[in-house]
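S.K.: Handing you this structure, nothing more for now.
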Amino acid sequence: MTLNFDQQMMQHCLQLARQALGKTAPNPLVGCVIIQDKKIIGEGFHPGAGQPHAEVFALRNAGEQAQGATVYVNLEPCNHFGRTPPCTEALIQAQVAKVVVGMVDPNPLVSGTGIQRLKEAGIEVIVGVEEQACQSLNEAFIHRILHHQPWGILKYAMTLDGKIATTTGHSSWVTGTEARQKVHQLRVACDAVIVGGNTVRRDNPWLTTHEAGEPNPLRVVMSRTLNLPKAAHLWDTQDVKTLVITEEGVNPDFQQFLQNKGVEVAELSPLTPAQVMAYLYERQFLSVLWECGGNLAANAIADGSIHKILAFIAPKIIGGKIAPSPVGDLGFTLMTEALSLERITWGSVGCDFWIESYLS
Ligand SMILES: Nc1c(N[C@@H]2O[C@H](COP(=O)(O)O)[C@@H](O)[C@H]2O)[nH]c(=O)[nH]c1=O
Ligand SMILES: [Zn+2]
């Protein structure tokens, strides 16, 4: 399918916005392009919270030429004084002729008022170009602002017979290098990656993005007992930070050991996935990647902490009755109770397959 000019420019906005993947929390990913006579005369993206918005960078880039120009932006321009002044006023002052908006801003502080303000100032406004792609790029922002909770993604890799490890717990590696690279790319886009104590004991993971560049998400370990090994890659905090969350008063000696290693320790009682999500919301996180084992995954699904699932399936068979599966007991006995997933997409990566889906 060929894209028309407006669609192409909106896709260019999304491409610009993606340059700040993983860096904007709690703010959205926004890119902006300014056009005069079908030529780009200015462009910019929002690099992170507290910094100017995409429109401001693009206007600066275009300078005087912005007068009478058409502006493309994947999110409705803001109309409020937040950390920065309203972009609507900057656009009006620059005397642009037309603004093409990808999607309405779900932020109640903006939500349609930006579009209204521009129209009142005599600027032509078009809304909804490449809307689905715009919503998809900012799905975490939309969820966070509407539901006051970070966006939760569960990722796992399993064999064709649904196992995430052998009966002895050996799991390196279920998938090939290409799939693992895709996971590293996903980590770049997330603000935190969470595992439980079992995963630390069993896999001693790094949970870094080293095959996909920067930034690294905060590595989070949930552990009620703090029965964790003293030698773990996650305690190496020189380049990438780690946060261990436990319950109040658990093993003060181990807490001290972790803090001496530069690991941050927090106490939350009771320690549940939903509590952790609420805590990370307060800390301004947008998206959280759950890379945990089956029990924690089941708890996270059950208490509403997971919104999207990315499953990798390796064409391998492990067999066995007690080899672990990606999602533990959800208490269902009937097929009719099974969670129905929506908006399914799938593909292959290297010699493996992936399926992405949303929980309703
Ligand atoms: N255009 C646009 C945003 N638009 C709106 O501004 C809000 C953040 O305002 P502030 O606190 O001033 O940064 C954000 O929640 C969204 O509703 N935000 C951004 O960070 N970047 C941008 O390019
Ligand atoms: Zn703005």
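The values are calculated or read from the model by the stated rules, or taken from the named source; none is laboratory data. What you see is a predicted model, and the numbers here were worked out from it, not measured in a lab. Glycine gets a Cβ as well: all are built from the backbone with ideal geometry, and neighbour counts include every protein chain shown. Just the protein is used for accessible areas: all its heavy atoms, side chains included, with ligands, DNA and RNA removed. Shrake-Rupley method; radii C 1.70, N 1.55, O 1.52, S 1.80 Å.
S.K.: Could you check how many residues of segment 311-334 are in contact with a Pro (Cβ under 8 Å, 6 or more places away or on another chain) and either open to solvent by 70 Å² or more (accessible area, probe 1.4 Å) or outside the structural domain of Asn198 (by the TED database) (or both)?
M.R.: 0
S.K.: Ok, one more. Out of Gly63, Gly82, Gly22, report the one residue that is within 12 Å of ligand 1 (Cβ to nearest atom), touching a residue at least 12 places away in the same chain (Cβ under 8 Å) and not aromatic (Phe, Trp, Tyr). Steps first, answer last, please.
M.R.: Working: Gly63 fails: within 12 Å of ligand 1 (Cβ to nearest atom); Gly22 fails: within 12 Å of ligand 1 (Cβ to nearest atom).
Exactly one residue qualifies, and that residue is Gly82.
S.K.: Let me ask something else. Would you check if there is a residue in segment 239-256 being in a loop (DSSP other than H, G, I, E, B), at pLDDT below 95 and out of contact with any Phe, Trp or Tyr (no Cβ under 9 Å at 6 or more places or on another chain)?
M.R.: Step one: filter segment 239-256 for residues in a loop (DSSP other than H, G, I, E, B), giving 239-241, 247-251.
Narrowing further to those that are at pLDDT below 95: 239.
Filter once more, so that each one left must be out of contact with any Phe, Trp or Tyr (no Cβ under 9 Å at 6 or more places or on another chain): 239.
Checking segment 239-256: at least one residue is in a loop (DSSP other than H, G, I, E, B), at pLDDT below 95 and out of contact with any Phe, Trp or Tyr (no Cβ under 9 Å at 6 or more places or on another chain).
S.K.: Kindly indicate whether His12 is surrounded by fewer than 22 Cβ atoms within 10 Å (Cβ to Cβ) and near ligand 1 (Cβ under 8 Å from one of its atoms).
M.R.: Details: surrounded by fewer than 22 Cβ atoms within 10 Å (Cβ to Cβ): yes; near ligand 1 (Cβ under 8 Å from one of its atoms): no.
Judged against the criteria, His12 is not a match.
S.K.: So if I check each of Ile40, Ile34, Ile115, Ile92, which one is in a strand (DSSP E or B) and either within 25 Å of Trp151 (Cβ to Cβ) or open to solvent by 10 Å² or more (accessible area, probe 1.4 Å) (or both)?
M.R.: Ile40
S.K.: Being charged (D, E, K, R), touching a residue at least 24 places away in the same chain (Cβ under 8 Å) and open to solvent by 20 Å² or more (accessible area, probe 1.4 Å) is true for just one of Glu248, Glu267, Glu214. Which residue is that?
M.R.: Glu214
S.K.: So, one more: Of everything in segment 138-150, what is in contact (Cβ under 8 Å) with a residue 12 or more places away in the chain and either under 11 Å from Gln11 (Cα atoms) or loosely packed, with under 14 Cβ neighbours inside 10 Å (or both)? Give them in sequence order.
M.R.: Leu146, His148
S.K.: Check Ala49 against each of (1) crowded, with 18+ Cβ neighbours inside 10 Å; (2) within 22 Å of Cys134 (Cα to Cα); (3) small (Gly, Ala, Ser) and name the one condition it does not meet.
M.R.: Every listed condition holds for Ala49 apart from (1).
S.K.: Then there's this: Would you pick out the residues in segment 43-67 that are out of contact with any His (no Cβ under 6 Å at 6 or more places or on another chain) and in a loop (DSSP other than H, G, I, E, B)?
M.R.: Here is the first cut: in segment 43-67, the residues out of contact with any His (no Cβ under 6 Å at 6 or more places or on another chain) are 43-45, 47-52, 55-67.
Those that are out of contact with any His (no Cβ under 6 Å at 6 or more places or on another chain) and in a loop (DSSP other than H, G, I, E, B): Pro47, Gly48, Ala49, Gly50, Gln51, Pro52, Gln67.
S.K.: Suppose we filter segment 296-321 for residues that are closer than 23 Å to Ser223 by Cα and either among the acidic types (Asp, Glu) or in a loop (DSSP other than H, G, I, E, B) (or both); how many remain?
M.R.: 5
S.K.: Evaluate segment 72-84: report whether one residue or more is assigned to a loop (DSSP other than H, G, I, E, B), among the aromatic types (Phe, Trp, Tyr) and within 16 Å of ligand 2 (Cβ to nearest atom).
M.R.: Yes, there is a match, as at least one residue in segment 72-84 is assigned to a loop (DSSP other than H, G, I, E, B), among the aromatic types (Phe, Trp, Tyr) and within 16 Å of ligand 2 (Cβ to nearest atom).
S.K.: Select from segment 163-178 the residues that are out of contact with any Gly (no Cβ under 6 Å at 6 or more places or on another chain) and not β-branched (Val, Ile, Thr) and write down the one among them that is modelled with the lowest pLDDT. Give the derivation first.
M.R.: Going residue by residue through segment 163-178, those that are out of contact with any Gly (no Cβ under 6 Å at 6 or more places or on another chain) are 163-166, 168-175, 177.
Now restrict to residues that are not β-branched (Val, Ile, Thr): 163, 165, 169-173.
Working: Lys163: 93, Ala165: 89, Gly169: 82, His170: 86, Ser171: 86, Ser172: 86, Trp173: 91.
Going through the qualifying residues, I end up with Gly169.
S.K.: Do any residues in segment 34-50 that are free of Cβ contacts under 8 Å to residues at least 40 places away in the same chain have Cβ atoms under 6 Å from those of residues that are among the aromatic types (Phe, Trp, Tyr) and open to solvent by 50 Å² or more (accessible area, probe 1.4 Å), where the two are at least six apart or on different chains, and which pairs are they?
M.R.: Going by the 6 Å Cβ cut-off, the qualifying pairs are Gly44/Phe57.
S.K.: Now for a separate question. For segment 85-107, name all the residues that are within 9 Å of ligand 1 (Cβ to nearest atom) and in contact with a helix residue (DSSP H, G or I) (Cβ under 8 Å, 6 or more places away or on another chain).
M.R.: Those that are within 9 Å of ligand 1 (Cβ to nearest atom) and in contact with a helix residue (DSSP H, G or I) (Cβ under 8 Å, 6 or more places away or on another chain): Pro86, Cys87, Asp105, Pro106, Asn107.
S.K.: When only residues in segment 335-360 that are open to solvent by 70 Å² or more (accessible area, probe 1.4 Å) and farther than 22 Å from Ala300 by Cβ count, which is nearest to the chain's Cα centre (by Cα)?
M.R.: Trp346
S.K.: Let me ask you something else. Could you tell me which numbered condition Gly102 fails, if it satisfies all but one of (1) under 30 Å from Ala212 (Cα atoms); (2) surrounded by fewer than 21 Cβ atoms within 10 Å (Cβ to Cβ)?
M.R.: Checking Gly102 against (1) under 30 Å from Ala212 (Cα atoms); (2) surrounded by fewer than 21 Cβ atoms within 10 Å (Cβ to Cβ), the one that fails is (2).
S.K.: Here's another thing I want to ask about it. Quick one: which residue in Leu286, Leu228, Leu271 is in contact with a Leu (Cβ under 9 Å, 6 or more places away or on another chain) and in the same structural domain as Leu154 (by the TED database)?
M.R.: Unique residue meeting the criteria: Leu228.
S.K.: Right, something else. Does Gly68 satisfy the criteria of being among the small types (Gly, Ala, Ser) and closer than 17 Å to Leu29 by Cα?
M.R.: No.
S.K.: Go through Ala25, Ala20, Ala97 for me and flag whichever is surrounded by fewer than 24 Cβ atoms within 10 Å (Cβ to Cβ), more than 13 Å from ligand 2 (Cβ to nearest atom), closer than 20 Å to Gln116 by Cα and not polar (S, T, N, Q).
M.R.: Only one candidate passes the filter, namely Ala97.
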